[in-house]
1. Among the residues that make up region 332-339, is at least one of them more than 17 Å from residue 183 (Cβ to Cβ), within 16 Å of the ligand (Cβ to nearest atom) and not in a helix (DSSP H, G or I)?
2. For region 350-390, enumerate the residues that are under 30 Å from residue 88 (Cα atoms) and either among the polar types (S, T, N, Q) or surrounded by fewer than 22 Cβ atoms within 10 Å (Cβ to Cβ) (or both).
3. What's the total number of residues in region 83-137 that are part of a loop (DSSP other than H, G, I, E, B) and farther than 23 Å from residue 17 by Cβ?
4. Determine, yes or no, whether residue 343 is within 16 Å of the ligand (Cβ to nearest atom) and not in a strand (DSSP E or B).
5. With under 22 Å from the mean Cα position of the chain (by Cα), within 22 Å of residue 147 (Cβ to Cβ) and basic (Lys, Arg) as the only criterion, which of 91, 33 stands out?
6. Which residue out of 132, 136 is among the acidic types (Asp, Glu) and within 24 Å of residue 270 (Cβ to Cβ)?
7. Residue check, residue 328 against (1) of a type in the set (Phe, Trp, Tyr); (2) within 16 Å of the ligand (Cβ to nearest atom); (3) without any contact (Cβ under 8 Å) to a residue 40 or more places away in the chain, all met but one. Which one?
Amino acid sequence: MKILVLNCGSSSLKYQLINMADESAVAKGLVERIGIEGSILVHEPEGKDKVKQTADIKNHSIAIKMVLDALTDANHGVISSLKEIDAVGHRVVNCGENFSGPTLITPEVKKIIKDCFDLAPLHNPANLIGIEACEELMPGVPQVMVLDTAFHQTMPKSSYIYPIPYEAYEKHGVRRYGFHGTSHRYVAEQTAMLMNKDPKDVNIIVCHLGNGGSLSAVKGGKCIDTTMGLTPLEGIAMGTRCGDIDSAILPFLMEKEGMTIEQMMDYLNKKSGVLGVSGVSSDFRDIEEAANSGNERAALALDVFAHTVRKFIGAFAAVLGGVDAIAFTAGLGENSITMRAKICEGLEFFGTAIDPEKNNVRGKNQEISVDGAKVKVFVVPTNEELIIARDTKAVCSK
Ligand code: ADP
């Protein structure tokens, strides 16, 4: 059985074609910078050379067509036709309280994904485009959605209820849902494994830092708190999203600038975060480069970002009642040596420090804290795709 997993992020599309017989990736790849200048597809077929294709990739629909062409290409493809794909697993970000596990996609399910666009305005639309592009290009192939919110279902009510009138939860489902669930689940399990510990015996803070980012507090293998909320706007500063801000800023600025609610949501989701502070880019590589060339606002954006992550590490240490490990994952967490070091600056007081030599690593499992650190720090590449493939197989086998 071969399962294609599609993970449409806000500006990226990750894919893997997984052979479920041994859970190996027959091909994997990444389309980056979708909708911004310099879009690129990097396709890595097993046993063949890596291929890089630059193109003007305006949206996720074009990106998926490029991926399917790459998979079936005469030279760098891995299958002779799309018929070899038995099922497609899609990461879907938020469907409120409508589903509690992986679900076969039907017209009714698509309607619910659409009805929940306002819960994840950058993601649910990209997820739905992915689903519809696959339906069109691979008719009859089962499509399964795996929700980003599932891992966070174990949070206690005290973590997910907002301190606003309780009716907002009862009437409208306003609560913390949390996102990047498949990543937090996978990375927490991997971290426990790297520590040679049973997940039940450890407290872990997972820092998923990509273009979007969130932290989770994982106690005994279960999530007990996370930074994202009703939507993926809450928590740490992100590429283009503001994270936590004083909610009174909204009416204040709407009045001063004459903005509508839609304009304000666009401002907070697409124009804020490190893009908003730096004025340079939403991509941390561009900002790091600008900061290194003396751009003060770029440097400030990196400082603000690191500060918000460090602050939540402290908060989650208290929520967990002690931490055994901190794990960095996703695009920035796996690759930015300088950002990991910056975030962990000054954490010696609670028993950890980064070893600069060990930290000189990108994209592989590695402990990066100094020898004997009480709180161990790890880089753990995420594998949301494998979790999605396993869940997809389970749904299709029913
Ligand atoms: P998402 O899925 O939310 O789009 P990713 O997990 O793919 O995000 O991460 C994308 C981010 O990772 C980009 O914004 C980029 O800034 C950052 N990133 C990737 N590689 C590097 C690197 N070598 N150095 C610094 N940042 C990086």
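1. no
2. If the condition is that a residue be under 30 Å from residue 88 (Cα atoms) and either among the polar types (S, T, N, Q) or surrounded by fewer than 22 Cβ atoms within 10 Å (Cβ to Cβ) (or both), then 362, 363, 364, 365, 381, 382, 383, 386, 390 are the ones that fit.
3. The total comes to 13.
4. The answer is yes for residue 343.
5. When all the criteria are applied, what remains is 91.
6. When all the criteria are applied, what remains is 132.
7. The one condition residue 328 does not meet is (3).
For every residue, the table says whether it meets (1) crowded, with 18+ Cβ neighbours inside 10 Å; (2) at pLDDT below 95.
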residue	(1), (2)
89	yes, no
93	yes, yes
99	no, yes
104	no, no
107	no, no
118	no, yes
123	yes, yes
128	yes, yes
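The values are calculated or read from the model by the stated rules, or taken from the named source; none is laboratory data. Bear in mind the structure is a predicted one, so any value in this text is a computation, not a measurement. With ideal geometry, Cβ positions are generated from the backbone for all residues, glycine too; neighbour counts draw on all protein chains shown.
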